[in-house]
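Just so it is clear, none of the values below were taken in a lab; they were calculated from the coordinates. Small disclaimer: the values here were computed from a predicted structure and weren't measured. Using ideal geometry, Cβ is built from the backbone for each residue, glycine included, and neighbour counts are taken over all protein chains shown.
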Amino acid sequence: MARPPGFNSQQISHHLERHAQSGLNIAQYCKEHHIKPGCFYNWRSTRNKKTQQLRSNTAEQQAAWLELIPPALQPAVQPSIQARSAPTNTVVGLSLPGGMVLQIKAV
């Protein structure tokens with residue numbers, strides 16, 4: 001994070017949290033706490049980017065460890081039922097956490 005002299009990571013986090021709770025707009029909060037508004041916007045932007053990266057990484061990790069368990073094996077065709085092939089345009093979709101979609105097309 002871009003830090004003016006005297007502001008460490010804990011102080012920046014503290015100011016971002018206090019601003020959110022204050023009900024003040026950024027200009028008012030910065031004036032009261034002697035912070036340049038441009039610095040405050042940079043802090044907030046950097047925090048938002050890091051939060052998005054963490055969420056994205058978490059979603060990718062969850063998707064990477066998705067375990068698929070097949071149903072119990074059963075005969076594909078019962079003797080009294082004729083087997084039919086699925087149309088070639090059949091698609092099965094599975095929505096995963098993080099907005100990813102897995103699609104499987106019948107061949």
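Residues of the stretch 42-57 that are of a type outside the set (A, V, I, L, M, F, W, C) and surrounded by 13 or more Cβ atoms within 10 Å (Cβ to Cβ): N42, R44, T46, R47. Restricting attention to the stretch 19-39, the residues that are under 26 Å from the mean Cα position of the chain (by Cα) and surrounded by fewer than 13 Cβ atoms within 10 Å (Cβ to Cβ) total 2.
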